[in-house]
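Beneath this line is the structure, given in C-alpha cells, with notes to follow.
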Amino acid sequence: MPQPPTTITDEIGIALGNLADAAAGTLTPTLRLGVTGLSRAGKTIFITALVHNLLTGGRLPGFAPMADGRFIGARLAEYPDASIPRFAYEQHLEALTGRAPHWPESTRRISQLRLTLKFQSNRWWSGWAGPSVLNLDIVDYPGEWLLDLPLLSLSFAEWSAQALERARRPTSQDEAKPFLEALGSIDPSKDANDPDAETLAKAFTAYLRSSRTDARALSTLPPGRFLMPGDLEDSPALTFAPLPPPPGPVRSQSLYAMLERRYEAYKDIVVRPFFRDHFARLDRQIVLVDTLRALNAGPAAVADLETALTDILACFRQGDTNPFLQLIARRIDRILFAATKADHLSTSSHDRLEAILNRLVARATRRAKFAGAETASIALAAIRATREGTIKQDGQPLDVIIGTPEPGEALDGTTYDGKTEIALFPGDLPELPESVFEAGAPVHLNFLRFLPPQKLECNAEGAAVLPHIRFDRALDFLIGDRLA
C-alpha cells in the first residue's frame, strides 16, 4: 500500500508545524517519539514506565547514558501545544503503584507529554560546553485510530470491496451475519435517507466490535472511530457502512452516493488531521505488538495482524531526511518493533517470540530499511507482572511464571479472584515462525491476564522501582544515540 496521498494544504500544514518545532528548538533540540500500537498493545503502560524510569533514575543497565553515568536527570516540562490534553502520568502511576495496584484504563483520547532530559555528552567538546539538554515529546492516542490511516489511500468503492470481502469470509460468518442481513435488505440505488444509513452503520459497528474480542482478535477492521466516537457520536461523518456498487451510474441522490460522501467526510474531518498533525512529524517510532493475543486467537488473527501492521506502517514517513530539508520535512529514522507481554512467557520462549514478531513485520521492515530507516525487534515487558520459577512435573523440572491473575480470569474450569498467586506453565511457542499462519498447527498457550506486581521495591529516595524485561534496551535504541 502506498503512503497516504496528501493535499497541498496538508503539506503546508506539515511544513509549518515542523518550522514551529524547529523555532521552539533553537535553544533546546526536540525529539518527537511516536508510541504506536493497536488497541491493548500496552502504549499507556510503556509511556508511564518510560517517564517514571527517566524521572527517578530507574534500574536500566542496558540504557547506555545511565550505565555510563552521563545521564544527569529529567523533569516534566510544559508541552508547547496547548490544544492537546496532557498525558495523565501521575494518575497512571498511582494506578500501578497504589494500595491496590491495577492496570490503568486504555487510552480513549489523544494526549501528550514533554520530558526535558539533561545529560553529559561524550563528544570531545563536552568538557567545556557543559551539560546538554534534549526535549523528548511523546504523543499517546487510542490504538483504534491507527486503523484509519490506510483509508487515506482508498476510495469508498475500494474500502467497501475490502470490508465486504472480509465480512463474507467463513471465519467471520458469525460476527458479520446480522450486518450482511441488514445489507441484503437495502438497495444502495434507492433514494438516500437517514434511517437506512443509521441501520447499516449500527449493524456494521456491532460487527466490528464483536470481531475485536479476544476469541477473534482481528485487527484490519476500520473505521477505528466507530468504536471510540467521542464527540462525533451519531454525526453523519460516523454514520456510514460499506456498500456493494450499484449497477450503472451512481445517482447523487442515492443511498450509495450519500454514504460515499460521508466516508470522504470522515477522512477529511477525522483521519487527515490526525495524520497531518501527528504522524507526519515524528522522528522516532516504537511499534508495540500484542503478538500473544493474536497467537491465542489462531492463524486467521495472526494473518490479519500482519496485514494491519504492514498497511499502517506504510503510512509513516520513514528514512533519512536531507539536512537542508529537515526544517520542513521530518522523517522517522529509527523504528523499534516490540512484542509486548514477554512476562507472560518463560525466558526460554522470548527468542521464539521475537522470531514470530520478525515474521509479522518482515514486509514493513524491508520497506523501512529501503527508505533508509534503521530497524530492530525485541520482546519486552515495560512493567513485569510475573516472575519466573521452576516446578517438578513427573519428576522433571518445568519452567513456569508466577503471578496474580486479574479477577475473572479463568483457565481449566478455575475462575480467579484477583487475590490468588499461581504458578502457570504458559506453553511453548513453535520453533518455526511460519507455522503460526498454518491452520493445522495451532499454538496452544495458557494465556491469562495478570495484575501488576503487588509489591514493589523502592529506591533510596522512596520512588517505586518498576521491574521490566528489556525495557532498558528498547529505550537505548530509541533515544540513546541522541544522548551521546
Any hit, the range 411-428, residues being under 25 Å from Ile47 (Cα atoms), touching a residue at least 60 places away in the same chain (Cβ under 8 Å), within 26 Å of the chain's Cα centre (by Cα) and not assigned by TED's automatic domain parsing to the domain that holds Leu309: no
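Okay, residues lined up against (1) outside the structural domain of Phe63 (by TED's automatic domain parsing); (2) part of a loop (DSSP other than H, G, I, E, B); (3) surrounded by 14 or more Cβ atoms within 10 Å (Cβ to Cβ); (4) without any contact (Cβ under 8 Å) to a residue 12 or more places away in the chain:
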residue: Pro430; (1), (2), (3), (4): yes, yes, yes, no
residue: Leu448; (1), (2), (3), (4): yes, yes, yes, no
residue: Ala460; (1), (2), (3), (4): yes, yes, no, yes
residue: Leu478; (1), (2), (3), (4): no, no, yes, no
Filtered residues of the range 221-279 (kept if under 30 Å from Asp137 (Cβ atoms), acidic (Asp, Glu) and either in the same structural domain as Val302 (by TED's automatic domain parsing) or in contact (Cβ under 8 Å) with a residue 24 or more places away in the chain (or both)): Asp277
Test: residue in the range 43-53 that is in a loop (DSSP other than H, G, I, E, B), in contact (Cβ under 8 Å) with a residue 12 or more places away in the chain and in contact with an Asp or Glu (Cβ under 8 Å, 6 or more places away or on another chain): no
Residue match in the range 383-395 (condition: surrounded by 15 or more Cβ atoms within 10 Å (Cβ to Cβ), touching a residue at least 12 places away in the same chain (Cβ under 8 Å), over 19 Å from Leu313 (Cβ atoms) and among the hydrophobic types (A, V, I, L, M, F, W, C)): yes
Sole residue being within 27 Å of Thr107 (Cα to Cα), touching a residue at least 12 places away in the same chain (Cβ under 8 Å) and surrounded by fewer than 20 Cβ atoms within 10 Å (Cβ to Cβ), chosen from Arg212, Arg123: Arg212
Test set (1) modelled with pLDDT of 90 or more; (2) of a type in the set (Asp, Glu); (3) more than 23 Å from Ala49 (Cα to Cα) - Glu431 fails condition number: (1)
Test: Ile312 is assigned to a strand (DSSP E or B) and within 16 Å of the chain's Cα centre (by Cα): no
Residue that is farthest from Arg334 (Cα to Cα) [pool: residues in the range 257-289 that are of a type in the set (Phe, Trp, Tyr) and at pLDDT 90 or above]: Tyr263
So Glu105, is it assigned to a helix (DSSP H, G or I) and surrounded by fewer than 19 Cβ atoms within 10 Å (Cβ to Cβ): no
Count of residues meeting criterion [polar (S, T, N, Q) and within 31 Å of the chain's Cα centre (by Cα)] in the range 217-259: 4
Set Ala41, Ala82, Ala64, Ala100: member being at pLDDT below 95 and crowded, with 18+ Cβ neighbours inside 10 Å: Ala41
Members of the range 54-64 found to be part of a helix (DSSP H, G or I) and out of contact with any Asp or Glu (no Cβ under 8 Å at 6 or more places or on another chain), listed by number: Leu54, Leu55
Any hit, the range 281-289, residues being under 25 Å from Arg212 (Cα atoms), buried (at least 23 other Cβ atoms within 10 Å of the Cβ), under 20 Å from the mean Cα position of the chain (by Cα) and of a type outside the set (Val, Ile, Thr): yes
Selection from the range 105-131 of residues that are modelled with pLDDT of 95 or more and in contact with a helix residue (DSSP H, G or I) (Cβ under 7 Å, 6 or more places away or on another chain): Leu113, Leu115, Leu117, Phe119
Flag for Leu149 being assigned to a strand (DSSP E or B) and touching a helix residue (DSSP H, G or I) at 6+ places or on another chain (Cβ under 8 Å): no
Qualifying residues in the range 192-209 (those that are touching a residue at least 24 places away in the same chain (Cβ under 8 Å) and within 25 Å of the chain's Cα centre (by Cα)) - the one nearest to Pro242 (Cα to Cα): Phe204
Subset of the range 351-364 [over 13 Å from Ala338 (Cβ atoms) and either surrounded by fewer than 22 Cβ atoms within 10 Å (Cβ to Cβ) or of a type in the set (Phe, Trp, Tyr) (or both)]: Asp351, Arg352, Ala355, Arg359, Ala362, Arg363
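Residues are listed down the side, and each one gets a yes or a no for (1) in contact with a strand residue (DSSP E or B) (Cβ under 9 Å, 6 or more places away or on another chain); (2) of a type in the set (A, V, I, L, M); (3) within 14 Å of Leu136 (Cα to Cα):
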{"position": "Leu54", "(1), (2), (3)": "yes, yes, yes"}
{"position": "Gly62", "(1), (2), (3)": "no, no, no"}
{"position": "Pro65", "(1), (2), (3)": "yes, no, no"}
{"position": "Asp68", "(1), (2), (3)": "no, no, no"}
{"position": "Ala77", "(1), (2), (3)": "yes, yes, yes"}
{"position": "Pro80", "(1), (2), (3)": "yes, no, yes"}
{"position": "Pro85", "(1), (2), (3)": "yes, no, no"}
{"position": "Tyr89", "(1), (2), (3)": "yes, no, no"}
{"position": "Glu94", "(1), (2), (3)": "no, no, no"}
Residue among Asp174, Asp187, Asp137, Asp196 that alone is assigned by TED's automatic domain parsing to the domain that holds Leu218 and either assigned to a loop (DSSP other than H, G, I, E, B) or in contact with a Lys or Arg (Cβ under 6 Å, 6 or more places away or on another chain) (or both): Asp187
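The values are calculated or read from the model by the stated rules, or taken from the named source; none is laboratory data. Because the structure is a prediction, the values reported are computed rather than measured. All Cβ positions, even for glycine, are placed from backbone atoms using ideal geometry, and neighbour counts span all protein chains on display.
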